[in-house]
Amino acid sequence: MTKLLAFYLPQYHTFPENDEWWGKGFTEWTNVKRAEKCFRGHNQPRVPLDNNYYCLLDENDIKHQMELAKKFNVYGFCYYHYWFNGKLLMEKPLEKIRQMEQKIPYCMCWANEPWTRAWDGKNKEVLIGQEYGGKKEWEKHIEYLSQYFNDEYYIKIDGKPLLVIYRTNNIPNCDEMFRYWKEKCREKGFEDLYIVEERNSFQKEKSSKQSDATLDFEPMYTMDYCRNFFQLGYDKIRRGMFNFITKNEKLLYDYDMLWKIMIKRKYDTDKTKRFLGAFVDWDNTARRGKKGTIVLKSTPEKFEKYLKEQKDKAEKMHSEFIFVNAWNEWAEGTYLEPDEKNQYAYLEAVKNVFFNIVSTLFPLKSRITV
């Protein structure tokens with residue numbers, strides 16, 4: 001039975017590095033609140049329902065999110081994890097979650113890319129880089145991750161903790177590092193480590209022999225690699241006309257076109273295990289302004305229709321999960337959380353599609369496995 005996992009951004013609390021880089025008190029809400037309309041009818045700024053600009057240092061806010069996910073049949077969260085050769089960022093919400101007695105199932109995605117000043121156009125100015133080191137550094141990292149793997153709510157496939165990696169092709173000696181991590185996990189009593197590579201803007205295909213599966217991170221994978229000549233031409237012509245009229249520089253995509261490409265995509269599952277992706281919407285002008293990227297014509301009704309088709313496809317592939325982008329990427333315009341415009345409509349869509357898993361959600365003190 002296929003279940004829905006939602007990518008989850010923890011950048012809704014202050015921490016010293018963001019204060020230094022972006023100004024005191026900066027959180028993801030800072031970007032969200034300062035968004036401006038770029039054209040008539042543009043859905044900006046995005047406003048959370050009841051002005052719920054939560055703080056993820058507040059355990060009550062974290063619990064509310066989990067209860068909301070449970071109510072609308074989101075099986076679990078895939079939390080972004082930020083590790084820079086031993087330096088942690090945005091770790092406090094997840095560390096709070098690890099200590100909670102009751103929670104929904106979860107796993108982690110190592111977002112292993114350097115941070116730059118891309119939000120203000122200074123892409124080449126590195127704020128904190130990614131270095132991978134050798135076995136000494138690898139051991140520190142797997143020891144840290146193992147604290148979460150030992151949590152009874154951490155998602156495992158056949159007894160193997162599920163770990164998503166954002167950019168495997170960015171890691172020197174990637175196979176060696178993964179082989180080392182798997183060995184350490186077996187020493188700790190796990191069956192192994194289940195490593196899932198993303199296919200996204202940075203990599204088209206699986207790059208490590210040691211990984212167990214791939215997942216399509218949407219809509220970026222489809223935008224960058226999966227459109228044919230005619231679809232590229234259509235987007236280019238429409239984008240040129242739109243930007244000329246509105247005096248913008250945005251990249252524009254069609255919601256229906258992207259979803260239809262995703263659903264029609266064929267997979268060779270005999271060679272590689274695949275997890276399908278999904279996305280709610282996309283509009284990152286809160287971060288990028290007039291140079292942002294927008295997917296046009298998203299609605300809750302369309303989302304429900306396409307998500308149902310994607311779920312049917314995943315079940316035919318005997319795939320345990322679909323990974324949706326995202327639970328709370330507000331500054332990128334892709335979130336399931338309720339807002340003032342659509343309220344709970346996108347969550348209702350999830351509930352309608354995944355109606356048959358409600359009894360498996362929010363297990364209390366029982367090991368999560370699939």
* Asked: Carbon and sulfur: what percent of the chain's accessible surface (1.4 Å probe)?
  -> 48 percent
* About the Cα centre of region 140-275, how large is the charge dipole given +1 on each Lys and Arg Cβ and -1 on each Asp and Glu Cβ? Please answer in debye to the nearest 20. => 600 debye
* Where does helix 59-71 land angle-wise versus the long Cα axis of the chain, in degrees 0 to 90, nearest 10? -> 80 degrees
* Length gained when the stretch N356-Q99 is fully extended (0.36 nm per residue, less Cα-Cα span) -> 89.6 nm
* region 19-33 to region 243-316: how many Å between their Cα centroids? -> 28 Å
* Structure fact -> Given a Förster distance of 35 Å, the FRET efficiency implied by the Cβ-Cβ spacing of K70 and K236, rounded to the nearest 0.05, works out to 0.20
* Any idea of M262's accessible area? Nearest 10 Å², probe 1.4 Å. -> 0 Å²
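For the chain, with every protein chain kept in place, what is the accessible area per residue (1.4 Å probe, Å²)?
Roughly 44 Å² per residue, with all protein chains present.
Which of the peptides 87-98, 14-25 is most tightly packed, and how do the rest follow, judged by the mean count of other Cβ atoms within 10 Å per residue? Before the final figure, lay out the partial values.
Details: 87-98: 17.2, 14-25: 13.2.
Highest mean packing first, the order is 87-98, 14-25.
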* To do: Taking 7 Å along the Cα-to-C-beta vector as the label spot, tell me the K308-K209 distance in nanometres, rounded to one decimal.
  => 4.5 nm
* Structure fact -> Mean separation of Cα contacts under 8 Å (at least 6 apart) over the residue count of the chain, i.e. the relative contact order in percent, is 23 percent
* To do: Starting from the Cα of I128, step 7 Å toward the Cβ, then list every residue of region 1-44 with an amide N under 15 Å from that point.
  => 10-23, 26-28
* For the chain, what is the calculated [θ] at 222 nm in deg cm²/dmol (nearest 500), taking -39500 (n - 2.57) for each run of four or more DSSP H residues and dividing by its residue count? -> -10500 deg cm²/dmol
* Identify, among F217, M241, C174, the residue whose Cα sits farthest towards the positive end of the charge dipole of region 174-242, taking +1 on the Cβ of Lys and Arg and -1 on the Cβ of Asp and Glu, with the dipole about the Cα centre. => M241
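Using r as the Cβ-Cβ distance of Q147 and R117, and R0 as 41 Å, what FRET efficiency do you calculate, to the nearest 0.05?
Taking R0 as 41 Å, the efficiency between Q147 and R117 is 0.80.
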* Cleavage-rule hits, trypsin sites (Lys or Arg not before Pro), region 267-319, DSSP coil, Cβ neighbours within 10 Å at most 15 -> K271, K297
* **Candidate residues I195, I261: accessible-area rank, largest first, probe 1.4 Å** => I261, I195
* Averaging over all projection directions, find the projected area of the Cα convex hull of region 53-211 and quote it in nm² with one decimal place. => 10.7 nm²
* Once the principal axes of the Cα atoms of the chain are found, what is the range along each, listed largest first in whole angstroms? -> 62, 48, 41
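Holding the Cα-Cα limit at 21 Å, pick out from K63/K96; K204/K250; K24/K92; K3/K206 the pairs that are longer than that.
The pairs that break the limit, which is 21 Å between Cα atoms, are K204/K250; K3/K206.
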* Asked: Dipole of the chain, Cα-centred, from +1 at each Lys and Arg C-beta and -1 at each Asp and Glu C-beta, to the nearest 20 debye?
  -> 1020 debye
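The values are calculated or read from the model by the stated rules, or taken from the named source; none is laboratory data. Since we're looking at a predicted model, the values are computed, not measured. Because the Cβ atoms are built from the backbone with ideal geometry, glycine has one as well, and the counts that use them run over all protein chains shown. Just so you know, the surface numbers come from the protein's heavy atoms only, side chains and all, with ligands and any DNA or RNA stripped out. Shrake-Rupley method; radii C 1.70, N 1.55, O 1.52, S 1.80 Å.
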